[in-house]
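A short write-up of the structure that comes next.
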Amino acid sequence: MKINPLNNPKINAYKPQIQQQQQQTQSKNQATDQVEISKEAKQLQQSNPIVEARQKKVESLKREVQNGTYQLDPKQTAEKMVEFWNGR
């Protein structure tokens, strides 16, 4: 007489249900979000001359700061700050 049979049908009756639930939760976890950008948005992003000019200016300023050649006028900076805070 076997006391602890491993393949007892009464014990393993719920095993297929548990496996099915695990597969369902795994498939739910694998769902991913997708984003699609329209052709018009791509064209606007690529062909904007203002963005290109600004990017070139930013890159130029970055190089000057990294090289230590960027010169800042403290008086002009202070004047611009006063104008900003006074709402001119």
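Looking only at residues of the range 60-88 that are exposed (fewer than 10 other Cβ atoms within 10 Å of the Cβ) and charged (D, E, K, R), we find that the one that is farthest from the chain's Cα centre (by Cα) is 75. Is it true that some residue in the range 44-52 is modelled with pLDDT of 90 or more, polar (S, T, N, Q) and exposed (fewer than 10 other Cβ atoms within 10 Å of the Cβ)? No - not one qualifying residue is present in the range 44-52.
Please work out if residue 4 is surrounded by 10 or more Cβ atoms within 10 Å (Cβ to Cβ), among the polar types (S, T, N, Q) and at pLDDT below 90. Judged against the criteria, residue 4 is not a match. From the list 36, 59, the lone residue that is among the charged types (D, E, K, R), at pLDDT 85 or above and part of a loop (DSSP other than H, G, I, E, B) is 36. All of 69, 77 fail the test of being part of a loop (DSSP other than H, G, I, E, B) and free of Cβ contacts under 8 Å to residues at least 24 places away in the same chain, apart from 69.
The values are calculated or read from the model by the stated rules, or taken from the named source; none is laboratory data. As the structure is a computational prediction, the values presented were derived from the model and not from experiment. A quick note on method: Cβ atoms are made from the backbone with ideal geometry, for glycine too, and the neighbour counts reach across all protein chains shown.
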